[in-house]
1. Please compute the length gained on full extension between Phe286 and His312, using 0.36 nm multiplied by the number of residues separating them and subtracting their Cα-Cα distance.
2. Accessible area per residue, 1.4 Å probe, Å², for the range 218-407: what's the number?
3. Enumerate the calculated ³J(HN,Hα) couplings along the range 354-370 in order (Karplus 6.51 cos²θ - 1.76 cosθ + 1.60, θ = phi - 60°), each rounded to whole Hz, writing x wherever the residue is Gly or Pro.
4. Quick one: if you stick a label point 7 Å off each Cα along the C-beta vector at Phe254 and Ala387, how many nm between them?
5. Show me 73-83, 384-394, 256-266 ranked by packing, highest mean number of other Cβ atoms within 10 Å first.
6. Where does each of 122-132, 309-319 land if you order them by average Cβ count within 10 Å, highest first?
7. Report the rotationally averaged projected area of the range 218-407 based on its alpha-carbon convex hull, in square nanometres.
8. Using only the Cα atoms, work out Rg/Rh for the range 244-333, with Rh taken as the Kirkwood radius, to two decimals.
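The values are calculated or read from the model by the stated rules, or taken from the named source; none is laboratory data. The structure presented is a predicted model; accordingly, all values stated were derived computationally and were not measured. Neighbour counts are summed over all protein chains in view; Cβ atoms, including those assigned to glycine, are modelled from backbone coordinates with ideal geometry. Side chains are part of the model used for accessible areas, which takes the heavy atoms of the whole protein and leaves out ligands, DNA and RNA. Shrake-Rupley method; radii C 1.70, N 1.55, O 1.52, S 1.80 Å.
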Amino acid sequence: GLSIAVLGPTFPNLAASVGKNVSDIYYIFVGRSLGSLGGSMVGGVLLDCMDATLLIALSMLGTSASLYAVPWCKESLLLTILMSVVGGSSGILDTDGNVLALHTWGSEAGPHLQALHFSFAAGAFLAPIVAKMTFGGSESQELAGAEKTNQSVLKSVPTASAASTTPAPNVHQDEDFLWSYIIIGTYSLLVSIFFFVLYSKISSARDKSKAPAQKDRLAKYHWPLVGLLFVFFLFYVGAEVTYGSYVYTYAMAFTDMTESEAAALNSVFWGAFAVCRGAAIFGAAFLSPTTMIVMSLVCSAASSTALAFFAHYKALLWAGSAVYGISMATIFPSGIAWIEQYTVVEGKTASLFVVGAALGEMCIPVAVGYLQGRFHHVPVVMYTAFATSIVTALLFPAMYKLANAPQEKDLQEVSDRETRKTLLSNSRLTEDEEDEEDVREWNDADFEVIEMNDKLKNSLMDTSHRIPGDSPAEVSLQPHLDDALGDPPVVADGSPGRQNENVDWEKSE
């Protein structure tokens with residue numbers, strides 16, 4: 001954030017340093033943007049080949065070296081190359097920082113991603129303060145007066161060379177200009193040293209061993225999902241940068257605000273953006289990425305609708321700008337944390353997200369500026385905010401559906417699980433039927449035994465109660481009954497011998 005945002009307040013000093021007019025070195029912004037795109041793509045490729053901590057350390061070292069060299073640069077081409085290096089380093093840092101956060105904290109990376117992106121907003125906020133502290137008040141006023149003189153001379157004498165019309169920079173101004181870049185460059189160098197020390201303390205073997213296992217977590221529609229999120233970030237970042245860049249002009253052209261009011265409106269947007277990113281660090285610990293994205297999209301749709309159709313009410317313009325800034329704050333880090341839940345985010349994947357954001361930052365503001373120049377009475381800025389909010393609100397449900405599509409392996413596992421369940425249920429039914437059949441057979445056998453025992457007992461009782469004088473034929477049945485029952489009949493005193501004596505006595509009588 002510091003290295004990117006310091007270019008704005010020091011831009012006149014850079015022009016004076018290379019002997020050019022401010023309007024003649026606009027291409028350094030193009031060089032920085034192209035460097036950011038290239039750094040994002042190269043960083044994604046390198047991240048799959050080397051350790052992320054080492055790559056971040058090298059990118060911060062490149063940023064530090066470029067910032068140290070910028071104030072000493074006296075050629076516009078060399079200045080453009082140096083700013084391209086700064087942009088490339090920021091692209092590598094943006095890509096690898098997101099991936100490193102995901103690899104470090106995994107599913108709990110939400111708050112850390114929010115803190116990572118909040119640090120960019122904090123750096124962008126502090127860069128003008130650092131520049132102002134080093135420049136001082138009188139020197140800035142002298143530089144502004146010199147620029148006005150320079151522009152008037154160029155208009156009156158078009159053939160004059162820039163070197164002859166540009167006032168010689170003040171020595172004290174050069175010292176202040178130098179210190180602003182030295183401070184930020186030193187800070188980048190300290191961060192680079194920290195990451196080098198961190199790299200020396202850790203081993204990348206663990207990350208490499210996890211890579212094959214992580215590849216199994218690829219979503220079924222991995223690349224379509226990545227492509228949709230690429231377009232999603234393109235529209236989101238493009239809308240964010242477009243509104244922040246043109247709301248000042250819109251406020252003066254369509255609502256007749258003064259310069260101070262328009263500047264305050266612009267500050268409300270970016271202030272709400274930064275504050276919400278800071279608050280999202282704590283909110284991400286309690287809310288899921290899906291919830292945060294849905295909340296942001298709802299707020300974006302509501303605020304952009306108010307801005308597009310009711311912005312002529314100043315109260316709605318102020319409130320809508322604040323809410324729109326809040327809704328823009330958390331989408332990018334929440335989107336990275338969201339997709340990590342469904343698929344693997346590697347270096348190339350993260351680089352596509354950063355490239356999409358960079359393309360949106362470059363293309364959409366240019367298109368809006370062109371259309372606004374063609375249609376002066378149409379609030380193109382507000383209509384663009386409304387259109388992009390509708391596009392992103394439609395893209396996210398499609399991404400959510402693709403992300404939750406079951407994989408073929410999951411379907412096979414479900415099918416196998418259902419098959420095993422069916423087989424187990426059938427086997428249980430068969431076992432139950434067999435058990436019931438056995439129970440029925442045993443019950444039938446028990447009933448037969450019980451009936452036979454009842455018949456035998458009844459016949460025995462009839463025999464024992466007969467009076468003396470029964471026929472010998474009936475008495476002769478008693479031994480056979482005893483053999484059938486298996487035990488000798490028991491009489492009152494419980495002695496079998498007593499039973500035999502009674503029988504013999506009856507026979508003798």
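1. 5.6 nm
2. That works out to 42 Å² for each residue.
3. 5, 5, x, 5, 5, 5, x, 5, 8, 7, 5, x, 5, 5, 5, x, 5
4. Each label point lies 7 Å from its Cα, and together they span 1.3 nm.
5. Most protected by this proxy first, the peptides run 384-394, 73-83, 256-266.
6. Final packing ranking: 122-132, 309-319.
7. 10.5
8. With Rh from the inverse mean 1/r over Cα pairs, Rg/Rh is 1.02.
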